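Report on one structure; see the data block that follows.
Any read-out appearing in this document is the output of simple, stated calculations on the displayed coordinates, not a laboratory observation. Just so it is clear, the model here is predicted, and its values are computed rather than measured. A quick note on method: Cβ atoms are made from the backbone with ideal geometry, for glycine too, and the neighbour counts reach across all protein chains shown.
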Amino acid sequence: MLSLQFFGLSNLFLKIINRPLTGGGKNAKKFEIHQIEREIGIKVIRYPKGLDVSFKRYPVDRWKQEFDMHLCHSDIDYNLIKNKFPLADCIKIGYPKYDSIILPEEAKQEIYSEFVNLDKSKPIIVWMPAHIKNRSERGLNLELWLPVINRLTKKYNVIVRPHPKTRMVSHYHIDSLIESNLIVDLNFNREMGILYQAADLILADYGGSVLDSIYMKKRTVLLNMSHKSNFYKWRKQGEYLDQYVRNDIVSIDYNDAVDLSEVVDEVLCDEGALTPSKLKNKYFEKSENYKNIIDILNNIKSEMF
């Protein structure tokens, strides 16, 4: 947009179509987020979009008078909303998108048919690296852990699912993944529940995939960023949920000598106190069945019309 203004094209567009198409360019005024749901809706219901939430910032203040009902994934977001908005109507629904999913063996067969180079005699590991918004550190988690994870391919099938946003803005890092020994999943239409079900273990670091793995009852290893990185400091200062999850799930710091294969072996064989089922119960206890939620929404609809 600045180039349109710099080369005078904005004035040309202004003459031809009565619009400069620059949005103000360098003189553009900062805008604020405006919730329009209350203005256009009759009954306003907020759907959750994952548990990558900050205990300091969630829920945002502008939601207070905006929604008649908040649908929540678990006790975690439910309690955060109730603590900030005591009169809010909240219902816990879990993750409906993961509730009607095929069995693990069926999921494996789907993945085998799509990625024909997989060795059916090896367990499947799925790596879910987070997207780092900070431009100066974008892809740093990939650069850090790729050489270590690449060594796992001797014993395991390793599928990496780069974040769609990373794929859009960081072609260099995607090319590095493609050139590695990993199987790279670039399917934008991927049904993520199938990929989770097919996995024997999830490698994650930060963000929604950490809680998704818990919900899907998957054995998980978390790969830490450097504590000196701005991304790590930002998430720690924001008290994001995945920082607390690290008290219950194996997480490891990078070093040149780390034997990730040994860690994976131990986690796959571990039958400790917090099994995947117990871990799911801890974070997603007492969620409503998604079919009940459909009934609730239908009742609201019938009352409105």
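Going by how many other Cβ atoms sit within 10 Å of their own, how do T275, T153, T220 line up, fewest first?
Ordered by Cβ neighbours within 10 Å, fewest first: T275, T153, T220.
Suppose we look only past 25 Å in the calculated P(r) of the chain. What percent of the Cα-Cα pairs does that tail hold?
I get 59 percent for the Cα pairs in the chain exceeding 25 Å.
If I model a spin label at K133 and I91 as a point 7 Å from the Cα along the Cα→Cβ vector, what separation in nanometres do I get?
The two pseudo-label positions are separated by 3.0 nm.
Counting other Cβ atoms within 10 Å of each Cβ, which GluC sites (Glu not before Pro) in segment 94-192 have at most 12 and sit in a DSSP loop?
Taking segment 94-192 and a limit of 12 other Cβ atoms within 10 Å, the loop GluC sites (Glu not before Pro) found are E179.
Counting other beta carbons within 10 Å of each residue's own, what order do L195, L103 fall into, fewest first?
L103, L195
Farthest toward the dipole's positive end in the chain, which of G208, N157, I125, given Cβ charges of +1 (Lys, Arg) and -1 (Asp, Glu) about the Cα centre?
Selected residue: G208.
Counting alpha carbon pairs within less than 8 Å and at least 6 residues apart, what relative contact order, in whole percent, applies to the chain?
Taking the mean separation of contacting Cα pairs over the length of the chain, I get 19 percent.
Please arrange I296, I76 by counting, for each residue, the other beta carbons lying within 10 Å of its beta carbon, fewest first.
I296, I76
Please list 3J(HN,Hα) in residue order for segment 211-220, calculated via the Karplus relation 6.51 cos²θ - 1.76 cosθ + 1.60 where θ = phi - 60°; whole Hz, with x for glycine and proline.
Whole-Hz 3J(HN,Hα) from phi for segment 211-220: 6, 4, 4, 5, 4, 7, 6, 9, 5, 9.
Cβ neighbours within 10 Å, averaged per peptide: list 231-244, 79-92 in order, most packed at the top.
Final packing ranking: 231-244, 79-92.
Through the Karplus equation 6.51 cos²θ - 1.76 cosθ + 1.60, θ set to phi - 60°, convert the phi angles of segment 140-152 into ³J(HN,Hα) values in whole Hz; use x for Gly and Pro.
5, 5, 5, 4, 5, 9, 4, x, 6, 5, 4, 6, 5
Tabulate in residue order the Karplus-calculated ³J(HN,Hα) for segment 244-249, using 6.51 cos²θ - 1.76 cosθ + 1.60 with θ = phi - 60°, rounded to whole Hz; enter x for Gly and Pro.
Each residue of segment 244-249 in turn: 6, 4, 5, 6, 10, 10 Hz.
When DSSP beta bridges are limited to those with both residues in the chain, what percentage is antiparallel, rounded to the nearest 5?
Numbers: 1 of 22 bridges.
Looking only at bridges with both residues in the chain, the antiparallel portion is about 5 percent.
Run the Debye formula on the Cα coordinates of segment 156-280, all scatterers equal and no solvent, and tell me log10 I(q)/I(0) at q = 0.11, 0.13, 0.16 1/Å.
At q = 0.11, 0.13, 0.16 Å⁻¹ the computed log10 ratios are -0.41, -0.59, -0.93.
Determine the alpha carbon to alpha carbon distance for each of K97/K236; K97/K282; K43/K82 and list only those over 23 Å.
K97/K236
Pull up all non-local amide H partners of Y240: gap of 5 or more, or a different chain, and H-to-H distance under 5 Å with H placed in the peptide plane.
For Y240, the qualifying residues are F55.
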